[in-house]
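A short write-up of the structure that comes next.
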Amino acid sequence: MIRVENVSKQFNKTRALKNVSLEVNKGDIISLIGPSGSGKSTLLRCIHGLEHVDSGKIYMDDEWMNPDDEKKFRAQRNRMGFVFQHFNLFPNMSVLQNCKLAQVEVLNKTDEEAEKTALEYLDKVGLLEKKDAYPNNLSGGQKQRVAIARALVNDPDILLADEPTGALDTETSVQIMEILKEIAKDRLIIMVTHNPELAEQYSTRIIRLLDGQITDDTDAYSEEQMKADIQEKEQKLSDAQTGKK
Ligand code: ADP
């Protein structure tokens with residue numbers, strides 16, 4: 001579903017990612033772990049297209065996410081939702097308005113359609129009765145549930161989460177992880193976490209980063225597999241060029 005091929009990213013003199021490759025698929029909850037500064041957020045942001053890579057390529061369903069192909073890139077990015085550690089909700093908007101806004105802006109939905117979808121997802125995260133509340137009147141766990149509903153209103157195939165439980169206590173973290181687990185059934189979830197117990201308990205795969213490189217992967221994308229995939233892709237391209245089916 002998402003394939004990262006030899007991606008590097010540098011900020012001034014810091015090499016945040018060094019030749020990172022991996023492939024991740026639907027149904028997985030991937031935890032990115034590693035010490036602070038190891039490149040976890042940068043990897044997540046590169047996958048989301050918030051950061052552009054310096055070299056290497058990222059593919060979604062075998063299609064290169066090329067930022068220069070603006071229309072396609074936007075459509076690819078719209079298939080991903082993003083959840084932040086500090087929720088990033090608009091404080092002067094109600095819960096319902098926060099969830100509606102994401103759709104009206106991105107998908108040009110009518111107000112009615114947006115409201116219907118927003119209510120549906122607020123119900124899924126168990127927050128329907130708070131639809132008219134403002135974020136400041138909600139607990140951390142409730143805010144994160146709104147943020148998850150907001151990330152889901154466009155029905156993304158992929159949910160990216162940067163420390164979604166980082167600002168929450170243990171009990172609330174477990175509730176949020178249970179929601180994510182439910183969501184992951186027909187989606188891909190990639191999350192950054194500092195909590196090894198939650199990673200262990202809820203993820204289907206754990207990827208450890210250190211100094212911008214993957215040092216451990218419970219389900220590694222092997223060098224051989226990557227070469228085979230590249231070869232297959234090149235073959236398809238050359239077949240297409242020569243008109244073969
Ligand atoms: P992690 O998420 O594992 O804590 P990050 O991906 O945030 O790590 O950061 C990796 C490295 O890149 C760090 O050394 C960090 O300081 C640097 N970095 C990340 N984003 C920026 C940025 N926008 N500008 C400058 N340096 C950055």
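Full extension of the segment from E200 to N108, taken as 0.36 nm per residue of separation minus the current Cα-Cα distance, would add 29.2 nm. With the simple model of a label 7 Å out from the Cα in the direction of the Cβ, Q241 to H52 spans 2.5 nm. Of the peptides 135-143, 227-235, 71-79, the ranking by mean beta-carbon count within 10 Å, highest at the top, reads 135-143, 71-79, 227-235. For K227 and F11, the difference between the fully extended length at 0.36 nm per residue and the C-alpha to C-alpha distance is 74.9 nm. Of A149, A199, A167, the residue with the greatest mean-square motion in the GNM of the chain, using alpha carbon springs below 10 Å, is A167. Restricting attention to the chain, close to 50% of DSSP beta bridges with both partner residues there are antiparallel. Of the residues S173, S36, the one with the largest accessible area comes first in the ranking S36, S173, computed with a 1.4 Å probe on protein heavy atoms.
With Cα atoms as the point set, region 94-215 shows a radius of gyration and Dmax of 15.3, 48 Å.
Heavy-atom accessible area, probed at 1.4 angstrom with all protein chains present, ranks M80, M93 as M93, M80, highest first.
Separation of the alpha carbons by more than 26 angstrom is noted, of K72/K100; K18/K71; K9/K71; K13/K71; K116/K143; K131/K181, for K18/K71; K13/K71. Here the translational diffusion coefficient of the chain follows from Stokes-Einstein with Rh set to the Kirkwood radius across Cα pairs; for 25 °C and 0.890 mPa s it amounts to 130 µm²/s. For region 42-156, what does the alpha-carbon gyration tensor say about shape, rounded, prolate or oblate, given a ≥ b ≥ c as the root eigenvalues, a/c under 1.5 as rounded, and a/b over b/c as prolate? Note, shape of region 42-156 comes out prolate. Estimated at the nearest 10 Å², the accessible area of D132 is 100 Å² with a 1.4 Å probe.
Label region 24-110 by shape, choosing from rounded, prolate and oblate, from the square roots a ≥ b ≥ c of the eigenvalues of the Cα gyration tensor; if a/c is under 1.5 it is rounded, and otherwise prolate applies when a/b is larger than b/c, oblate when it is not. Each step should come with its number before you reach the end.
Numbers: a/c = 1.99, a/b = 1.27, b/c = 1.57.
Taking the square roots of the gyration eigenvalues as a ≥ b ≥ c, region 24-110 is oblate.
Would you mind checking the tilt of helix 95-107 against the longest principal axis of the Cα atoms of the chain, expressed as 0 to 90 degrees and rounded to 10? Once rounded, one gets 40 degrees. In percent, rounded to a whole number, the relative contact order of the chain is 28, using alpha-carbon pairs under 8 Å and six or more apart.
The values are calculated or read from the model by the stated rules, or taken from the named source; none is laboratory data. Since the structure is predicted, the reported quantities are computational estimates derived from the model, not experimental observations. Cβ: placed from backbone, ideal geometry, glycine included. Neighbour counts: every protein chain shown. These accessible areas exclude ligands, DNA and RNA; they are computed on the full protein's heavy atoms, side chains included. Shrake-Rupley method; radii C 1.70, N 1.55, O 1.52, S 1.80 Å.
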